[in-house]
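Okay, so here's the structure we're looking at.
The values are calculated or read from the model by the stated rules, or taken from the named source; none is laboratory data. The shown structure was predicted, so the numbers you read here are calculated from the model rather than taken from an experiment. Note that we place each Cβ from the backbone using ideal geometry, even for glycine, and neighbour counts take in every protein chain shown.
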């Protein structure tokens, strides 16, 4: 039994060479889903750019005032004590993402994600200055002529201005935006404001202008785990291979498969044609240089391409529009791929082409894997119910919680530096810090005292005025006569509003000398 | 190579991908840690407990906190990357390949 043992590892053929990403040039497309996205862009970015400028009760409607540690959102003021509501809001956002993903796939990615929304605007600017796909490719490949400099220059100038405005708006959520704008001409911004305007502007430019689909493919955690929320009943954007295969160009006049009686292929035979199409790329496909990102279909049998007869041809005319419009540069005909952000551009493109050649729409459409496989499917599955009910419960709790917040909170912190101190007259003293948060829009007059039934007393009776929407800190001293309190003794502070009934009770503890 | 099975080995990733994979997730995690931490802790109170003589504003507190978190999370990411490196990166062939 002899076996050669190599002394050095040598790879004759490296497995999967790393290849640098090619630039994706999405082609412009119009249709139902494109219109939906335009609406989403206008609504969402409209909210982003307009909200800081709105006023509510004479103050900025949406302001996250970090230095003052309070958030104002349309008349609602949130304090650090209300962090639980922010946490709940984030949990709700998470469950909503689960819910919508389970029902209809990556709706978030296709229409609402800031990455998609800002990339869309950057693409509009790019199309406006450099032209559509073919012209952009030509421009990039060509020499640096006067026109190229002008077109590229104006694109970058517009991008730059738009990105800076985005950064400015971002800072406007954290510092009053009108004040910020007024201070701009005199360069009166603080270091923070300048830094964040530039940083957020740079991030917008980098993500929406340069990185684009790479953010979705390599940086986004959701893209990696979205598959966990999918099942075979989830609505996905899918190509119908049983109708479309075998794909190929044809002369005008050939009717669609249903009309001419070819009908749908069996799933197995459609899959064979797809594998063949992946293995032996058509000239049109090769020209696109599309990325092969799925190993779902492996050609094993044929060594040479089989040409489909005219009678066999499916409805896909292999025009490759679905690939050209794809912002992430995949071929949807290869099946569901994790890169797909469900933007629906390929549906719009295919519908356009089907209209042109006179075939029924929907070769690429929103459907589920089960529907494609001709299996029974339903929209309302247990997971949809569970996500939906959870969402409803938490949303109800959130609304109830926010509307029933205590308008006044008092925190008592015992002075930890000394357990107790003895005064000249022999009495024992403890120090306390009181933090009073007045969440109301009006100032309050409060009296601090101790609840009855305790041998303790306040050194001085305190009446404080707490301004509207502010945190008031005060130090009080509680005393006990000599020899009355030993060890730990519980008691309650009473905080009474002089203009309103119902005192607030806060428990604390007093320490005296050991017995 | 005869007899044995070829050992699948991925080629080294480009530098920018490597640094991206270390810095980006740690940035993300540090951002969330900062939000949660400073929602519960006022930087000024923390300053009074630790360095009361330093004139640190809230903004400085948030910044220092964020970078402290980022240092910690980035170190963890770097460690993960080190552990994930295949043996071939350490056991180089004689020709240095």
Filtering region B:81-91 down to residues that are more than 9 Å from every other protein chain (Cβ to nearest Cβ) and either more than 16 Å from the chain's Cα centre (by Cα) or without any contact (Cβ under 8 Å) to a residue 24 or more places away in the chain (or both) yields B:82, B:83, B:84, B:85, B:86, B:87, B:89, B:90
_Given the condition at positive phi, touching a strand residue (DSSP E or B) at 6+ places or on another chain (Cβ under 8 Å) and surrounded by 15 or more Cβ atoms within 10 Å (Cβ to Cβ), answer yes or no: does some residue in region A:457-476 qualify?_
yes
Only one of (1) assigned to a helix (DSSP H, G or I); (2) more than 14 Å from every other protein chain (Cβ to nearest Cβ) does not apply to residue A:87, and that is (2)
Residue pairs qualifying under the 7 Å Cβ cut-off, at least six apart or on distinct chains, with the first in region A:138-158 being farther than 23 Å from residue A:201 by Cα and the second being in a loop (DSSP other than H, G, I, E, B), are A:148/A:142
Does residue B:88 count as modelled with pLDDT under 80, farther than 16 Å from residue A:66 by Cβ and in a helix (DSSP H, G or I)? yes
When (1) free of Cβ contacts under 8 Å to residues at least 40 places away in the same chain; (2) more than 9 Å from every other protein chain (Cβ to nearest Cβ); (3) closer than 21 Å to residue A:79 by Cα are applied to residue B:57, the one that fails is (2)
Scanning region A:355-380 for residues that are surrounded by fewer than 16 Cβ atoms within 10 Å (Cβ to Cβ) and either under 26 Å from the mean Cα position of the chain (by Cα) or assigned to a loop (DSSP other than H, G, I, E, B) (or both) gives A:358, A:360, A:361, A:362, A:373, A:374, A:375, A:376, A:378, A:379, A:380
For region B:20-43, check the following and say yes or no: at least one residue is modelled with pLDDT under 90, surrounded by 13 or more Cβ atoms within 10 Å (Cβ to Cβ) and more than 30 Å from residue A:87 (Cα to Cα). no
Taking region A:50-60 and keeping residues within 17 Å of residue A:170 (Cβ to Cβ) and either in contact with a strand residue (DSSP E or B) (Cβ under 6 Å, 6 or more places away or on another chain) or loosely packed, with under 14 Cβ neighbours inside 10 Å (or both) leaves A:50, A:51, A:54
